[in-house]
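Data block below; observations after.
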Amino acid sequence: MPRSRIPLICSTAALVALCGPVLPAHAAAPAIAVPPDKIVIEVATVNGSGCPAGTAAVAVSLDNTAFTVTYSEYLAQVGRGTKPTDSRKNCQLNLIVHVPHGFTYAIASVDYRGYAHLEPGATGEQKASYYFQGQSQTAIKSHQFKGALDDSWQATDTNEVAQYVYAPCGERRNFNINTELSVASGTSDPTKTTSFMAMDSTDGAINTVYRIAWKECPPKP
C-alpha cells in the first residue's frame with residue numbers, strides 16, 4: 001500500500017565517504033567529495049508482502065554516506081502451519097532522493113542481516129535489484145542459504161567502482177529497491193517441520209544498510 005511521503009533530513013559533518021573512492025581505480029584519488037549540505041530522502045511508496053504499511057522505516061546517516069531501512073515483519077516461511085504464499089515475500093521501496101546541487105550518487109554496497117531457521121534439506125534465498133526510474137540498467141544480486149541452519153545470517157552486495165550506476169546529473173529520478181526472501185522445503189518434510197528466513201529481529205535492531213558513493217557533476221557549459 002502506498003504511504004504518505006516521509007521527509008528524512010540529514011546534516012553532514014564528515015568530508016570523506018566511508019564506502020570507497022568514486023573515481024576510476026587507475027586515477028589518483030584526492031579527498032573524496034561529500035556534499036556539505038543536507039540530503040533529504042522521501043519515501044514515495046512502500047509495496048510488498050514483506051513490508052505491510054507501517055513496517056518499514058528509512059533513516060539517513062549523519063555523514064551522508066549511507067541510509068538504513070529497518071523492517072519489522074519481513075518473514076518468509078514454509079512447512080507446518082504456513083500458507084503457500086508465505087514461502088516468498090518481497091518489498092519494493094520507491095525513494096525520492098533530494099541531492100545537493102552539483103552532486104550525484106550511486107549505491108556502492110548493501111549489507112543485509114536477519115535470522116534463519118532452515119531444516120536439513122531446506123533452502124533459502126535473499127535477492128535484491130536496484131535501479132533508477134527511467135533507466136534500463138538494473139543491478140541484481142542474490143545469495144543462497146542451505147539447511148541445517150539456525151542462526152543469524154548476513155549478505156553483502158558490493159559493486160566495483162566501474163560498475164556504479166549513478167543518477168543522472170541535474171535530474172530527479174526515483175530510486176527503486178526491490179528485495180525478496182524465499183524459502184523452499186527441499187528434501188525436508190513440510191508436514192512435520194517449519195523453515196523460515198527473516199530480515200528483522202525481535203528487538204527491531206537488524207537493519208539493511210545502503211552505502212552511498214558521491215560524485216561531483218561536471219559544470220554546465
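The values are calculated or read from the model by the stated rules, or taken from the named source; none is laboratory data. Keep in mind it's a predicted model, so treat the numbers as computed, not measured. As a convention, Cβ positions derive from the backbone with ideal geometry for all residues, glycine included, and neighbour counts pool all protein chains shown. Ligands, DNA and RNA are excluded from the accessible area calculation, which covers all protein heavy atoms including side chains. Shrake-Rupley method; radii C 1.70, N 1.55, O 1.52, S 1.80 Å.
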Problem - Considering residues of the range 155-169 that are surrounded by 12 or more Cβ atoms within 10 Å (Cβ to Cβ) and farther than 30 Å from TYR115 by Cβ only, the residue modelled with the lowest pLDDT - result: VAL161
Practice task
Could you tell me whether GLY114 is outside any strand (DSSP E or B) and either within 13 Å of the chain's Cα centre (by Cα) or over 30 Å from LYS220 (Cβ atoms) (or both)?
Solution key: no
Practice task
Kindly indicate whether LEU118 is buried (at least 18 other Cβ atoms within 10 Å of the Cβ), under 15 Å from VAL69 (Cβ atoms) and either touching a helix residue (DSSP H, G or I) at 6+ places or on another chain (Cβ under 9 Å) or touching a residue at least 40 places away in the same chain (Cβ under 8 Å) (or both).
Solution key: no
Practice task
Would you confirm whether any residue within the range 79-99 is open to solvent by 20 Å² or more (accessible area, probe 1.4 Å) and at pLDDT below 80?
Solution key: yes
Exercise for the section: Determine if the range 131-146 includes at least one residue that is open to solvent by less than 50 Å² (accessible area, probe 1.4 Å), touching a strand residue (DSSP E or B) at 6+ places or on another chain (Cβ under 6 Å) and β-branched (Val, Ile, Thr). Expected result: no
Handout entry: Selection from the range 121-139 of residues that are farther than 18 Å from ALA213 by Cα and without any contact (Cβ under 8 Å) to a residue 40 or more places away in the chain
Key = GLY134, GLN135, SER136
Practice task
State yes or no: is GLU73 at pLDDT 90 or above, part of a loop (DSSP other than H, G, I, E, B) and surrounded by fewer than 20 Cβ atoms within 10 Å (Cβ to Cβ)?
Solution key: yes
Handout entry: Conditions (1) of a type in the set (A, V, I, L, M); (2) farther than 30 Å from PRO218 by Cα; (3) at pLDDT below 85: number failed by LEU149
Key = (3)
Problem - Complete set of residues in the range 172-221 that are at pLDDT 80 or above, buried (at least 17 other Cβ atoms within 10 Å of the Cβ) and not in a strand (DSSP E or B) - result: ASN174, SER185, GLY186, SER188, PRO190, THR193, MET199
Practice task
Could you list all residues from the range 19-69 that are within 19 Å of THR104 (Cβ to Cβ), modelled with pLDDT of 60 or more, open to solvent by 60 Å² or more (accessible area, probe 1.4 Å) and not charged (D, E, K, R)?
Solution key: PRO36
